[in-house]
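Here is the structure we will look at.
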């Protein structure tokens, strides 16, 4: 089971599964990101109901630069931005015109991840 994740807080910060003190809780279709302190207390950082917040899973593959690939990453292969998506139980790449291809058609090791749709919107400017 893949347990690597990242969370966009909707306000300009990305959190990762291996950030010190962070934990993800999923309960009844909702998720919560917590920061735990050394004294045993914890504070909620962001949750699924927060405006602009997003939970993204690592797809289990690395790009050509050995970089982990997550949902909502932007593949810049051939300088044509494609977004990593998860639909109907499969990962794939979606073009700006909404066409996509999935799983067996994607050679993930050839992808060139240039960023993600939250932190690097400029990569999509020519495609939208």
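Would you confirm whether any residue within the stretch 25-32 is outside the structural domain of residue 87 (by TED's automatic domain parsing), crowded, with 16+ Cβ neighbours inside 10 Å and modelled with pLDDT of 95 or more? Within the stretch 25-32, one or more residues are outside the structural domain of residue 87 (by TED's automatic domain parsing), crowded, with 16+ Cβ neighbours inside 10 Å and modelled with pLDDT of 95 or more. When residue 119 is tested against (1) within 23 Å of residue 7 (Cβ to Cβ); (2) touching a strand residue (DSSP E or B) at 6+ places or on another chain (Cβ under 7 Å); (3) part of a strand (DSSP E or B), just one condition goes unmet, and that condition is (3).
Only a single criterion out of (1) over 14 Å from the mean Cα position of the chain (by Cα); (2) surrounded by 16 or more Cβ atoms within 10 Å (Cβ to Cβ); (3) more than 15 Å from residue 6 (Cα to Cα) is not satisfied by residue 97, namely (2). Residue 87 passes every criterion in (1) surrounded by 16 or more Cβ atoms within 10 Å (Cβ to Cβ); (2) free of Cβ contacts under 8 Å to residues at least 40 places away in the same chain; (3) within 17 Å of residue 117 (Cβ to Cβ); (4) in the same structural domain as residue 121 (by TED's automatic domain parsing) apart from (1). In the condition set (1) surrounded by 15 or more Cβ atoms within 10 Å (Cβ to Cβ); (2) modelled with pLDDT under 95; (3) in contact with a helix residue (DSSP H, G or I) (Cβ under 8 Å, 6 or more places away or on another chain), residue 80 is compliant with all but (1).
Could you tell me which residue of the stretch 88-118 is modelled with the lowest pLDDT, considering only residues that are more than 15 Å from residue 65 (Cβ to Cβ) and touching a helix residue (DSSP H, G or I) at 6+ places or on another chain (Cβ under 7 Å)? Result: 96.
Looking only at the stretch 53-66, residues that are outside any strand (DSSP E or B) and within 14 Å of residue 5 (Cα to Cα) come to 1 in all.
The values are calculated or read from the model by the stated rules, or taken from the named source; none is laboratory data. The shown structure was predicted, so the numbers you read here are calculated from the model rather than taken from an experiment. Methodologically, a virtual Cβ is constructed for each residue, glycine included, from the backbone with ideal geometry; neighbour enumeration extends over all protein chains shown.
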